[in-house]
Every structure is written in structure tokens, then in C-alpha cells.
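The values are calculated or read from the model by the stated rules, or taken from the named source; none is laboratory data. Remember, it's a predicted structure, so these values are computed and weren't measured experimentally. Don't worry about glycine lacking a Cβ; one is built from the backbone with ideal geometry, like all the others, and counts go over all protein chains shown. Just so you know, the surface numbers come from the protein's heavy atoms only, side chains and all, with ligands and any DNA or RNA stripped out. Shrake-Rupley method; radii C 1.70, N 1.55, O 1.52, S 1.80 Å.
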Amino acid sequence: MTLPLPGMFLQFIGVAEVTGAIGLILPGLLRIRPILTPLAACGLLIIMIGATVVTLAGGEVVPALVPLVVGLLCAFVAYGRRSWGSA
């Protein structure tokens, strides 16, 4: 059972995921604004929490493991790339 979501909401989530991926890659690649990497990872973590909850609410347990694992990876990146307290 899949939950019906509005098309504009799905487009917003898609744009947020793409900009989050860009925020994960470009700061490290171009060596500019490295604070954006953990912020992008935190944003993607929030999206993945929502994806896990929506998938579980649809009654699907095994497919919910994918956004759960991606969310855990985002949390790992956010923690590993944090800059607070490293002075």
C-alpha cells in the first residue's frame, strides 16, 4: 500500500535531495565553504527520516531499510565533517 502524496510535494523533495547531494559533494571538491557539507548531510538526514516514516506507514518494512541506511550514512557524514569544537 502506497500513500498518495501531492505531485508538487514530490517535486520539492526531489529538488531538496538533488541540492543536498550537491551540497555534500561540491564543498569538498572545490574546497569552498566546508561548513555546507554537514549542513547538507543534516538536511538529507531529515528527508531520509521522513522517507523511512512514510514507507513504514505504507506497511512496507523491508523497503524502509534503504532510506534508513542512507539516513545513517548522512548522520555519519554530518558527525564526521562537523567543525564545531575542533579549535
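For region 14-34, the criterion of being open to solvent by less than 30 Å² (accessible area, probe 1.4 Å) and in contact (Cβ under 8 Å) with a residue 40 or more places away in the chain is satisfied by no residue at all. Show the residue pairs meeting these rules: Cβ distance below 8 Å; 6+ apart or different chains; first residue within region 35-47 and within 12 Å of GLY80 (Cβ to Cβ); second residue outside any helix (DSSP H, G or I). Final answer for the pair search is THR37/ARG81; PRO38/ARG81; PRO38/ARG82; PRO38/SER83; ALA41/ARG81.
Here's the yes/no breakdown for (1) modelled with pLDDT of 95 or more; (2) touching an Asp or Glu at 6+ places or on another chain (Cβ under 8 Å); (3) in a helix (DSSP H, G or I); (4) open to solvent by less than 80 Å² (accessible area, probe 1.4 Å):
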{"residue": "PHE9", "(1), (2), (3), (4)": "no, no, yes, no"}
{"residue": "THR37", "(1), (2), (3), (4)": "no, no, yes, yes"}
{"residue": "VAL54", "(1), (2), (3), (4)": "no, no, yes, yes"}
{"residue": "LEU73", "(1), (2), (3), (4)": "yes, no, yes, no"}
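Reported count of residues in region 56-71, each being in a helix (DSSP H, G or I) and touching a residue at least 24 places away in the same chain (Cβ under 8 Å), is 3. Scanning region 75-85 for residues that are surrounded by 12 or more Cβ atoms within 10 Å (Cβ to Cβ) and in contact (Cβ under 8 Å) with a residue 40 or more places away in the chain yields VAL77, ALA78, ARG81, ARG82. State yes or no: is GLU17 acidic (Asp, Glu) and assigned to a helix (DSSP H, G or I)? Considered against the rule, which asks whether it is acidic (Asp, Glu) and assigned to a helix (DSSP H, G or I), GLU17 comes out as yes.
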